[in-house]
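The values are calculated or read from the model by the stated rules, or taken from the named source; none is laboratory data. Just so you know, these numbers come straight off a predicted model, no measurement behind them. Neighbour counts run over all protein chains shown; Cβ positions are idealised from the backbone, glycine included. We work out accessible area using only protein heavy atoms, side chains counted, and drop any ligands, DNA or RNA first. Shrake-Rupley method; radii C 1.70, N 1.55, O 1.52, S 1.80 Å.
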Amino acid sequence: MRKIAAFVLLVLFCVTLFPCRFLSAENGAELSLTETEAAPGDTVTVEVKLSGNPGINSLKIKIGYDAAELTLLSAESGGAFEEMGYIGAQTIDVNPYIMVWSRAADVTGDGSIGFLTFRVSETASPGTAALTLTCDFCTNQALQDVAVTTRSGSVRIFGDSTASAAPSSPTPAAPTGNDASVAPQQTPGASPDSSETPSEETVTPEQPAETASSSEPGSPNISETISRTDASAPAGDDDTSPSRLWLLLLLLLLIAAVAAAFLIYRKKRK
């Protein structure tokens, strides 16, 4: 029985040596989006800010926006996360837009970590265009989950909408007095002056230019972080998360311990 007890204790000791993802860091962090304002047709930059950082080495967030009022032009990393490897969604028109950071060691600085540039639609109505912020995962270098609270932002659109009717062509005034009886004379054989023929201008609406998503070279372990979650997969799909793998490993070790104890017991009876 002493051997069985010693084996079980050894298994439990080995399990406790491994840093498990189902452990959580004591302190949490806060992520927020800045609130800005702009007029229809303007370009505006929204910042992703981090405060109360207890030490983070990997982070994945999603920023959603009102596509009817806003068009995402670019998304960049910087500020407090300048030294971290960064990768964004493969296409700039992904909504919500995905941003992922990773590094071998923890980063403890606070401040802006991301910058998203939007163009306000020229037909946007005055009001507020909501921005949403969610966090898929956040860990430290000990592979512990870091608790994160999020605060969404918005873009306040002011001024009159340019969706009203386009300016109409001026109506020529009717001739008055003696001018009404005077008709322009034309020399026989001469071609009419084309400069006096009114031409109608066709205005082609300017198409918003799309700027490709910028991504900075990532650190060596960012591929390991990205492999844990597909950028195009919906949020909440964590069937292959490390926490489940560690839990499965723990169950397998316990089953092995019970089997070993049973074999030792049978051997002693013989």
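Identify, please: which residue in the range 241-257 is farther than 30 Å from ASP136 by Cα and exposed (fewer than 13 other Cβ atoms within 10 Å of the Cβ) and is, among those, modelled with the highest pLDDT?
ILE255
Is it true that LYS49 is at pLDDT 95 or above and either under 30 Å from GLY159 (Cα atoms) or open to solvent by 60 Å² or more (accessible area, probe 1.4 Å) (or both)?
yes
Kindly indicate whether SER58 is among the small types (Gly, Ala, Ser), crowded, with 22+ Cβ neighbours inside 10 Å and modelled with pLDDT of 95 or more.
Against the criterion (among the small types (Gly, Ala, Ser), crowded, with 22+ Cβ neighbours inside 10 Å and modelled with pLDDT of 95 or more), SER58 qualifies.
Can you name the condition, by its number, that ARG103 falls short on among (1) of a type in the set (D, E, K, R); (2) without any contact (Cβ under 8 Å) to a residue 60 or more places away in the chain; (3) in a strand (DSSP E or B)?
Every condition holds for ARG103 apart from (2).
Counting only residues that are open to solvent by 20 Å² or more (accessible area, probe 1.4 Å), within 25 Å of ALA130 (Cα to Cα), in contact with a Ser or Thr (Cβ under 8 Å, 6 or more places away or on another chain) and of a type outside the set (Val, Ile, Thr), how many does the range 81-104 have?
2
Pick from the range 119-141 the residues that are closer than 12 Å to ILE63 by Cα and among the hydrophobic types (A, V, I, L, M, F, W, C): which of them is surrounded by the most Cβ atoms within 10 Å (Cβ to Cβ)?
LEU131
Which condition from (1) open to solvent by less than 30 Å² (accessible area, probe 1.4 Å); (2) without any contact (Cβ under 8 Å) to a residue 60 or more places away in the chain; (3) more than 20 Å from SER32 (Cα to Cα) is the one that ALA68 breaks?
So ALA68 meets the others, but not (1).
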